[in-house]
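The values are calculated or read from the model by the stated rules, or taken from the named source; none is laboratory data. All figures in this text were calculated on a predicted structure; none of them were measured in a lab. Note that each Cβ is placed from the backbone with ideal geometry, even for glycine, and that neighbours are counted across all protein chains shown.
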Amino acid sequence: MRKPAKKTEKRFTPQKTQTTPFHPRTNQFNLMQNWDDWAGYLAANVYESFEKEYFAIRNQSTLLDISPMCKYRIKGPDARKVLDRVVIRNVKKIRTGRVGYTLWCDEEGMTIDDGTIFRFGKQDFMLLCAEHMYSWLQDAAWGYDVEVIDESHNICGLALQGPTSYSVIKEAGFKGVETMKPFDLREVEPGLWLSRTGYTGDLGYEFLTENKNALKLWDRLWKAGRQNWGLIPIGLEALELVRLETGFIAPGVDFQAAHAVSRVGRGRTPFELGFGKLVDFNKGHFNGRRALLEHQKNGKRYNLVKLDIEDKYPADSSYVYVGKEKHIGFVTSAAWSPTTKRNIALAELEAPYGDTIRDGIWVEVYVDKEGKWYRINAKATVVDGSFFSNPRTRQTPPGPF
Amino acid sequence: MSHSDKFDVIVIGAGHNGLAAAATLAKRGKKVCVLERTNAIGGMAQSRDNDGTSVPYIAHLLHNLNPTVVKELGLSSAIKLKELPTIALDPDGRHIEIAGNKAQYTDGSAHPDAAIYEEIRARIIKFGQLLEPMAARTAPDLSEGASFAGLPELMPLAKLGLKMKLMGKKEMREFMRIALSNVYDLILDDMEDGVLAGSLAADSVWGMWTGPRSPGTVLSLMYRYCTGGQSSLPIGGMGAISHAIADVAKNNGAQIRTNSAAEKLVVEDDQVTGVVLKDGTTIETKAVMSSAGAFQSMMIGGHENFDVEAVRRLRNVRSKGTTAKVNIVLKDVPEIAGLSDSQMASRLLIAPSAYYIEQAFNAIKYGEMPPAPVIEAVIPSLSDTSIAASGKHVLSAVVQYIPYYLEGGWNDKARNKLTKIVVDTLSKYAPDLRDKIDYTETLSPADIEQETGAPGGHWHHCEFSTDQMLAVRPVNLLARYAFGIKGFYLCGASAHPGGDVSGLAGRNSALQLIKDGAAS
């Protein structure tokens with residue numbers, strides 16, 4: 001069996017890589033000077049040590065510069081209608097002061113991206129996501145009384161994540177945060193929005209504010225967290241592992257964003273990605289609704305599933321088989337999860353494997369031991385729910401864990 | 001509202017396509033109602049009375065009324081056509097008469113290019129007839145690809161391929177060579193540029209934003225000639241065609257309501273259930289067909305009911321009209337030196353060379369009117385005395401390359417300028433025309449849009465070009481008449497196969513609606 005190539009394709013970014021407003025700090029801490037390009041911005045892969053950063057997310061508290069996220073402000077009398085036209089879930093159900101996770105599709109019902117909707121007010125929203133979406137959102141907003149503003153470059157974001165993150169916020173002097181439940185959103189201080197959200201599956205918060213406030217915010221949190229709460233900055237590599245432990249999916253990795261591919265049949269429906277429950281067919285027309293009804297009728301073509309794989313070797317890019325040697329899919333993300341002590345993966349399987357047929361699935365793992373390759377056939381179990389789950393993530397008010 | 005007010009299908013717009021759709025449905029037992037915004041049916045194909053003189057309001061000749069439509073609707077006894085030869089006018093007086101594929105000077109002497117003209121024209125007609133079956137059905141759906149499920153959709157294409165092969169290697173190669181090329185190169189490869197070449201080139205561009213040198217003009221010529229390329233004058237005027245189709249609809253129980261503008265669809269759970277009129281009344285129905293332009297139909301359906309990508313595409317359908325209409329009511333018939341009385345009744349063409357046409361096209365790119373436009377004129381009253389009870393005559397002129405977006409906009413001054421350009425151009429050939437004018441009526445593309453609702457005043461509602469035809473007409477994924485919302489269908493010229501008074505778009509769409517079970 002040929003080993004599929006590792007997914008290292010990078011999208012072309014046609015301008016000089018930008019620095020985020022936190023760069024004076026992130027640069028100073030980045031001992032490795034290990035940077036990646038995230039949506040045209042320099043983003044730290046690792047500051048000092050991947051292991052240190054990973055364990056800090058699960059045991060202390062961490063700062064992640066999320067400024068490169070695409071941030072689209074959608075404001076005006078028809079703002080809710082436009083968002084409901086775009087996304088698969090019912091936006092009416094996201095109340096003011098709440099955040100909602102969702103996906104959105106093209107006209108063929110193929111997922112364009114996933115992201116979060118922040119509802120600041122009755123007619124005031126922000127859509128945060130990984131893929132550039134401005135011109136498409138302009139198309140979606142045509143004919144509506146609404147303004148779509150790309151705030152990606154003037155609003156910065158900072159994620160404070162980890163079991164002691166609430167303690168850091170408290171020590172930094174932010175008031176009233178103890179009552180914030182998961183997915184709550186609040187303007188904790190004028191011009192500073194705080195949400196109890198994150199990409200780590202752990203207790204955590206995200207700040208959004210204008211660029212000019214960036215360093216003041218960083219320094220305030222740093223001062224509050226450094227002494228007692230083990231606060232350190234983290235890079236994308238540690239984030240990648242914790243998001244996989246939580247079972248979050250990443251565009252371009254676990255599914256192909258519909259706008260980023262040209263080959264026929266590369267798109268995936270929300271059903272196939274495991275988000276069928278989010279699709280609200282009763283809210284009126286939304287993009288791809290007719291196609292999704294057809295897909296619902298015809299059934300899924302694929303299942304994106306979580307796998308618990310025996311043995312300890314990460315099954316990166318591995319083929320997945322059933323029975324004797326029937327190829328049914330491949331692994332999209334894989335890692336050894338130090339916290340759960342499991343060898344975990346996300347894999348895309350041909351339906352109905354991973355759904356109604358779950359027995360006899362195994363993975364062909366290639367292991368490089370100092371220049372010599374070994375092939376290991378490891379049994380895989382389909383897992384429901386996230387690999388990592390801890391009550392502290394949801395406890396309100398949060399404790400000083 | 002009484003129960004009897006519920007229809008199987010409501011057709012928006014009583015242009016010839018809307019009427020053809022209604023007649024096709026009514027003949028198959030559907031309860032149909034046609035809603036027409038204006039006070040008259042026919043759209044671009046109507047006659048208007050002007051003090052006892054019947055004027056072909058916009059379209060004046062038939063060249064593509066589809067035989068299948070005529071047969072299915074049983075129109076052959078209801079309509080009377082008179083085939084007209086074409087006189088290609090020469091500024092130097094060596095006019096050419098073209099009847100069928102034969103061309104000769106009007107004095108009966110032979111034209112040196114007659115043989116090659118006949119060959120080119122015959123080949124274009126042959127290729128056009130090859131493509132005609134594709135026009136007389138729903139555009140193929142290629143989304144299934146070369147799979148078992150996609151087989152029925154690939155069959156017509158396979159048939160086309162087979163027929164092409166059966167023409168022989170040489171002809172098939174020729175088809176492939178010229179199909180997407182431009183008419184200018186095609187003609188001038190074999191002929192001298194001049195009046196005869198101009199006559200062919202002109203037929204490739206009527207109503208379109210293309211010049212003879214634009215790619216795709218060979219294809220548009222094939223489309224125009226796909227039923228033989230003859231121009232015919234309907235006896236009783238163009239309106240007689242619309243009325244004949246309307247009669248078929250009415251005789252089969254359809255209602256036609258004029259002064260009834262459809263404003264908005266009623267959509268429940270993504271299914272059409274009714275139409276709201278401008279006056280606020282709602283009519284219940286199982287399905288709606290719209291013969292309005294693609295974008296206009298989307299707006300009637302409500303853009304919020306269309307996917308983001310579809311809205312973007314429909315907003316960008318190219319439909320800038322390029323053709324104006326000038327109707328000149330005459331006290332008496334003017335004279336053209338070298339033409340007999342009977343020749344004066346022909347289709348008169350002012351397109352003295354392919355180069356002349358290309359020059360005329362240049363102006364429109366800059367929002368200007370060409371000083372020397374391409375004109376197709378006819379004096380129908382010479383062939384059909386029934387329409388000129390007043391004893392007056394009408395010179396009906398289709399004027400090509402008049403911009404929809406005129407620099408400075410359309411107003412009376414611009415219209416007067418256009419009238420003058422047309423009268424001046426015609427007077428070069430008929431010097432006494434000016435003295436015989438009783439009255440002129442000028443319709444710019446903007447006026448045609450205003451009057452008929454055709455987007456941009458465009459003949460085809462949607463420019464007829466390779467990126468807007470077949471499986472992508474009017475736009476990708478909405479090319480099979482079904483138009484987004486369940487029970488909503490597009491049936492006008494912007495749908496496949498396109499414009500001209502052919503009746504196919506309306507008829508095809510109605511058949512697709514029935515096949516889909518949308519009105520049962």
Restricting attention to region B:96-117, the residues that are assigned to a strand (DSSP E or B), out of contact with any Pro (no Cβ under 8 Å at 6 or more places or on another chain) and touching a residue at least 24 places away in the same chain (Cβ under 8 Å) number exactly 2
Could you look through region A:172-225, keep only residues that are in a loop (DSSP other than H, G, I, E, B) and among the polar types (S, T, N, Q), and pick out the one that is nearest to A:Lys71 (Cα to Cα)?
A:Thr197
Condition (residue is among the acidic types (Asp, Glu) and not in a loop (DSSP other than H, G, I, E, B)) applied to region B:30-47: is it met by at least one residue?
no
Suppose we filter A:Cys105, A:Cys156 for residues that are at pLDDT 95 or above, within 27 Å of A:Gly267 (Cα to Cα) and crowded, with 21+ Cβ neighbours inside 10 Å; which single one remains?
A:Cys105
Just the residues that are at negative phi, in a loop (DSSP other than H, G, I, E, B) and more than 22 Å from the chain's Cα centre (by Cα), please, taken from region A:334-376.
A:Ala351, A:Pro352, A:Asp355, A:Thr356, A:Arg358, A:Asp359
Please count how many residues of region B:56-91 are within 23 Å of B:Leu196 (Cα to Cα), over 19 Å from the mean Cα position of the chain (by Cα) and in a loop (DSSP other than H, G, I, E, B).
4
Report every pair of residues separated by at least 6 positions or lying on different chains whose Cβ atoms are under 6 Å apart, first residue within region A:350-361 and under 10 Å from A:Ala380 (Cβ atoms), second modelled with pLDDT under 95 and among the charged types (D, E, K, R).
none
Any hit, region A:266-281, residues being over 20 Å from the mean Cα position of the chain (by Cα), within 30 Å of A:Lys93 (Cα to Cα) and within 14 Å of chain B (Cβ to nearest Cβ)
yes
Just to verify a result, which residue in region B:182-204, among those that are surrounded by 17 or more Cβ atoms within 10 Å (Cβ to Cβ) and part of a loop (DSSP other than H, G, I, E, B), is nearest to the chain's Cα centre (by Cα)?
B:Ser204
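Among the strands (runs of 3 or more DSSP E) confined wholly to region A:11-69, which include 2 or more residues that are modelled with pLDDT under 95?
A:34-38
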Residues within region B:328-338 that are surrounded by fewer than 24 Cβ atoms within 10 Å (Cβ to Cβ) and either within 14 Å of chain A (Cβ to nearest Cβ) or β-branched (Val, Ile, Thr) (or both), tallied
3
Pick from A:Leu128, A:Leu103: which is assigned to a strand (DSSP E or B), under 30 Å from B:Phe295 (Cα atoms), in contact (Cβ under 8 Å) with a residue 12 or more places away in the chain and away from every other protein chain (no Cβ under 13 Å)?
A:Leu103
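Results for (1) touching a helix residue (DSSP H, G or I) at 6+ places or on another chain (Cβ under 7 Å); (2) of a type in the set (Val, Ile, Thr); (3) at pLDDT below 95, shown as yes or no for each residue.
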{"position": "B:Ala414", "(1), (2), (3)": "no, no, no"}
{"position": "B:Ile421", "(1), (2), (3)": "no, yes, no"}
{"position": "B:Lys428", "(1), (2), (3)": "no, no, no"}
{"position": "B:Asp435", "(1), (2), (3)": "no, no, no"}
{"position": "B:Tyr439", "(1), (2), (3)": "no, no, yes"}
{"position": "B:Gly456", "(1), (2), (3)": "yes, no, no"}
{"position": "B:Ser465", "(1), (2), (3)": "no, no, yes"}
{"position": "B:Val475", "(1), (2), (3)": "yes, yes, no"}
{"position": "B:Phe488", "(1), (2), (3)": "yes, no, no"}
Which of the residues spanning region B:484-516 are buried (at least 24 other Cβ atoms within 10 Å of the Cβ) and within 14 Å of chain A (Cβ to nearest Cβ)?
B:Gly484, B:Phe488
Considering each residue of region B:285-305, count those that are closer than 26 Å to A:Trp104 by Cα, surrounded by fewer than 24 Cβ atoms within 10 Å (Cβ to Cβ), in contact with a helix residue (DSSP H, G or I) (Cβ under 9 Å, 6 or more places away or on another chain) and in contact (Cβ under 8 Å) with a residue 60 or more places away in the chain, and give that number.
2
Taking region B:459-483 and keeping residues within 14 Å of chain A (Cβ to nearest Cβ) and assigned to a loop (DSSP other than H, G, I, E, B) leaves B:Val475, B:Asn476, B:Leu477, B:Leu478, B:Ala479, B:Arg480, B:Phe483
For region B:360-386, which residues satisfy the criterion of being assigned to a loop (DSSP other than H, G, I, E, B) and within 17 Å of B:Pro403 (Cα to Cα)?
B:Tyr366, B:Gly367, B:Glu368, B:Met369, B:Pro370, B:Pro371, B:Ala372, B:Pro373
Restricting attention to region A:258-270, which residues are aliphatic (A, V, I, L, M) and crowded, with 22+ Cβ neighbours inside 10 Å?
A:Ala258
Filter region B:294-327 down to the residues that are more than 14 Å from every other protein chain (Cβ to nearest Cβ), in contact with a strand residue (DSSP E or B) (Cβ under 9 Å, 6 or more places away or on another chain) and part of a loop (DSSP other than H, G, I, E, B) and list them by number.
B:Thr322
A:Ser135 fails exactly one of the following numbered conditions: (1) touching a strand residue (DSSP E or B) at 6+ places or on another chain (Cβ under 6 Å); (2) free of Cβ contacts under 8 Å to residues at least 24 places away in the same chain. What is the number of that condition?
(1)
Could you tell me which residue of region A:364-399 is surrounded by the fewest Cβ atoms within 10 Å (Cβ to Cβ), considering only residues that are under 30 Å from A:Thr197 (Cβ atoms) and touching a Ser or Thr at 6+ places or on another chain (Cβ under 6 Å)?
A:Ser386
